[in-house]
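Q: First, the structure itself, so that you have it in front of you.
The values are calculated or read from the model by the stated rules, or taken from the named source; none is laboratory data. Quantities reported herein were computed from a predicted structural model and do not represent experimental measurements. FYI the Cβ positions are ideal-geometry reconstructions off the backbone, even for glycines, and counts take in every protein chain you see. Heavy atoms of the whole protein, side chains included, go into the accessibility calculation; ligands, DNA and RNA do not. Shrake-Rupley method; radii C 1.70, N 1.55, O 1.52, S 1.80 Å.
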Amino acid sequence: MTSESITKFKEWRFGLFVHWGLYSLPARHEWVKNRERLTDEDYQPYFDHFEPDLYDPREWARAAREAGMRYAVLTTKHHEGFCLWDSDVSDYTVAGTPWGKDLVGPFVEACRAEGLGVGFYHSLIDWHHPEFPVDTHHPQRDDQEARAKSAGRNIQVYADYLHAQVRELLTAYGPIDIMWFDFSYPNRPYEDGTPNAGKGKDDWRSEELMAMVRELQPGILINDRLDIPGDFVTPEQYQPSSPMVRDGVPVVWEACQTLNGSWGYDRDNLDWKSPDLLVRMLVDSVSKDGNLLLNVGPTGRGEFDPRALDTLSQLGRWTRQHSRSIHGAGPSELTPPPDCRFTQRGDRLYLHVFAWPLHHLHLPGMAGKVRYAQFLHDASEVRRTVTDPDQTAQNTTMGGLAPGTLTLELPTQRPDVLVPVIELFL
């Protein structure tokens with residue numbers, strides 16, 4: 001890790017997560033093998049029919065860039081064990097499917113062509129590998145016979161395999177910006193109470209693995225899921241209530257979020273987040289000095305779902321006009337009004353208005369500190385007033401406000417953007 005890598009990561013602020021694998025064919029969530037207790041034999045038809053003939057990573061990368069995203073992270077291997085590249089140490093790869101061709105290399109090239117940073121997600125778990133134990137998360141965990149047969153499996157043989165694959169990924173595709181491991185679960189019992197079924201740093205040989213990653217890619221950032229500290233932390237499916245800290249020290253963080261609650265393509269899942277909610281999540285992250293990594297799960301034919309593309313397009317219309325309140329921006333020490341968030345770039349303060357008020361927004365302590373105010377989307381002026389603290393409220397006259405309060409005069413009609421932003425020149 002270098003300070004330049006951290007600075008770049010925090011300037012990006014918004015990224016694309018791509019979860020893609022064999023689970024895109026059943027289209028019932030990326031944990032379908034686990035949830036439905038599927039055996040390798042049950043799962044084999046998805047391998048036999050994986051043929052993403054419409055895969056065009058340049059379209060993915062272009063959609064991400066136009067949405068305002070500045071980096072992208074691809075699942076090279078998820079928990080199912082299937083690899084999106086032709087690994088030298090496995091036959092369970094895209095090379096053995098009807099498609100037969102590397103999917104990772106074209107993705108990397110497409111991201112670079114669109115000016116995006118590149119990250120690799122790689123699962124520490126592998127439900128297909130013959131030496132990975134039938135543990136608390138394994139699809140056969142309720143099968144006592146399968147658990148008994150797996151008793152002699154050697155997790156360190158699997159760890160050798162894990163390290164070998166990470167080495168392949170970090171030597172075959174040029175400079176990589178992010179290594180996103182997933183995940184550790186030490187000291188976790190089986191559901192029936194049987195102990196010691198979890199996995200952690202000793203199983204993965206995490207210190208050794210991290211040292212290898214840094215040796216191969218000195219400028220790379222590594223997340224926090226190896227059961228040892230990483231370069232950034234990864235809250236998943238929730239928004240932190242404040243800037244994140246560890247032991248009282250601020251940390252770099254990235255909220256990873258889905259469009260509809262599923263990471264993989266989930267055909268019948270209709271729980272889609274609205275574009276305005278996603279913008280508010282992005283703004284909320286930046287206001288707390290974090291990033292947002294937003295996921296799309298491609299279909300089995302290699303395309304983004306039309307609903308995902310429509311959402312990305314709407315996000316893009318907002319970020320095109322409001323980029324400078326997000327990219328390269330960060331938190332402000334000032335406290336925003338209720339239902340608002342502040343971000344800041346130098347002497348420009350950005351007020352994101354989540355709930356539209358009637359006519360006025362009051363900024364305590366800001367009188368005399370703002371030389372100009374405008375809506376960011378169209379650069380139209382927002383008028384400013386300071387009310388006499390001793391003014392008496394009567395009929396249509398507003399009462400006095402606390403000394404030093406700056407009031408912004410707003411139109412009755414909310415601007416027709418997902419989240420209105422007022423740019424304040426301090």
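Q: Can you list the residues of region 407-426 with backbone N under 17 Å from a point 7 Å past the Cα of residue 334, pointing along Cα to Cβ?
A: Of the residues in region 407-426, 407-410, 420-426 have backbone N under 17 Å from the label point off residue 334.
Q: Figure the gain on full extension for residue 39 and residue 109 (residue separation times 0.36 nm, minus the Cα-Cα span) and round it to one decimal in nm.
A: Fully extending the segment from residue 39 to residue 109 adds 21.7 nm.
Q: Ok, one more. So how do 236, 4 rank on accessible area, 1.4 Å probe, biggest first, that is with the largest at the start?
A: The ranking, largest first, comes out as 4, 236.
Q: Quick one: with all protein chains in place, what share of the accessible area of region 345-426 is carbon or sulfur, to the nearest percent (1.4 Å probe)?
A: So the carbon and sulfur contribution to the accessible surface is 47 percent.
Q: Past 27 Å, Cα to Cα, is the threshold; run 10/199; 33/201; 8/288; 201/273 against it and keep the listed order.
A: The answer is 10/199; 201/273.
Q: Let me ask something else. How many nm separate the modelled label positions at residue 192 and residue 281, each set 7 Å beyond the Cα in the direction of the Cβ?
A: The modelled label-to-label distance comes out at 3.8 nm.
Q: According to the square roots a ≥ b ≥ c of the eigenvalues of the Cα gyration tensor, what is the shape class of region 38-144, taking rounded for a/c under 1.5, prolate for a/b larger than b/c otherwise, and oblate for the remainder?
A: Prolate, since a/c reaches 1.5 and a/b exceeds b/c.
Q: Are there GluC sites (Glu not before Pro) in region 112-197 that DSSP marks as loop and that have at most 13 other Cβ atoms within 10 Å, and which are they?
A: Those satisfying the criteria are 191.
Q: What percentage of the solvent-accessible surface of region 222-333, computed with a 1.4 Å probe over protein heavy atoms, is contributed by carbon and sulfur atoms?
A: 49
Q: Further question on the same structure: Working out 0.36 nm times the residue gap between residue 89 and residue 185, then minus their Cα-Cα distance, what length gain in nm do you get to one decimal?
A: Fully extending the segment from residue 89 to residue 185 adds 32.0 nm.
Q: Evaluate region 135-220: find the radius of gyration of its Cα atoms, find its Kirkwood radius, and give the ratio Rg to Rh.
A: Rounded to two decimals, Rg over Rh is 1.07.
Q: Oh, and also: Taking a quarter of the surface of the convex hull around the Cα atoms of region 169-268, what do you get in nm²?
A: Projected over every direction and averaged, the Cα hull of region 169-268 covers 9.7 nm².
Q: Leaving ligands, DNA and RNA out of it, report the carbon-plus-sulfur percent of the accessible area of region 62-134 at a 1.4 Å probe.
A: 44
Q: Let me cross-check residue 49: its accessible surface, 1.4 Å probe, with only protein heavy atoms counted, in Å² to the nearest 10?
A: 130
Q: I'd like to check one number: the per residue accessible area of the chain, probe 1.4 Å, reported in Å² as a whole number.
A: 42
Q: While we're looking at this one, here's another question. Give the relative contact order (percent, whole number) for the chain; include only Cα pairs under 8 Å separated by 6+ residues.
A: Contact order relative to length: 17 percent.
Q: Output ³J(HN,Hα) for region 253-261: one whole-Hz value per residue in order, computed from phi by the Karplus curve 6.51 cos²θ - 1.76 cosθ + 1.60 with θ = phi - 60°, and x for Gly and Pro.
A: 9, 9, 7, 9, 9, 9, 6, 9, x
Q: (i) 46, 22, 20; (ii) 44, 26, 22; (iii) 28, 25, 23: which one is semi-axes √(5λ) of the Cα gyration tensor in Å as calculated from this entry?
A: Correct label, based on the coordinates given: (i).
Q: Further question on the same structure: Would you mind checking the radius of gyration and Dmax of region 301-370 based on alpha-carbon positions, in Å?
A: According to the Cα coordinates of region 301-370, Rg and Dmax are 16.2, 58 Å.
Q: Whole-Hz Karplus ³J(HN,Hα) for region 276-291, in order, using 6.51 cos²θ - 1.76 cosθ + 1.60 and θ = phi - 60°, x for Gly and Pro?
A: Per-residue couplings from phi come out as 5, 5, 5, 5, 4, 5, 4, 4, 4, 4, 5, 5, 10, 6, x, 9 Hz.
Q: May I pose another question? What's the whole-number percent of alpha carbon pairs in region 233-300 lying beyond 15 angstrom?
A: For region 233-300, the share of Cα pairs beyond 15 Å comes to 54 percent.
Q: Please give me the summed charge of the neighbours of residue 86: other residues whose Cβ is under 15 Å from its Cβ, Lys and Arg +1, Asp and Glu -1.
A: -1
Q: What is the calculated FRET efficiency for residue 62 to residue 242, with r their C-beta to C-beta distance and R₀ = 41 Å, to the nearest 0.05?
A: 0.70
Q: Can you give the FRET efficiency for residue 211 and residue 249, using 1/(1 + (r/R0)^6), R0 = 30 Å, r = Cβ-Cβ distance, to the nearest 0.05?
A: About 0.85, to the nearest 0.05.
Q: Work out how much length residue 268 to residue 324 would gain on full extension: take 0.36 nm times their residue separation and subtract the Cα-Cα distance, in nm to one decimal.
A: Length difference between fully extended and current span is 16.5 nm.
Q: On each of the three principal axes of the Cα atoms of region 283-426, give max minus min coordinate, whole Å, ordered largest first.
A: That works out to 68, 32, 23 Å along the principal axes.
Q: Also, quick follow-up: Given Cα pairs under 8 Å that are at least 6 residues apart, what percent is the relative contact order of region 240-303?
A: This gives 44 percent for region 240-303.
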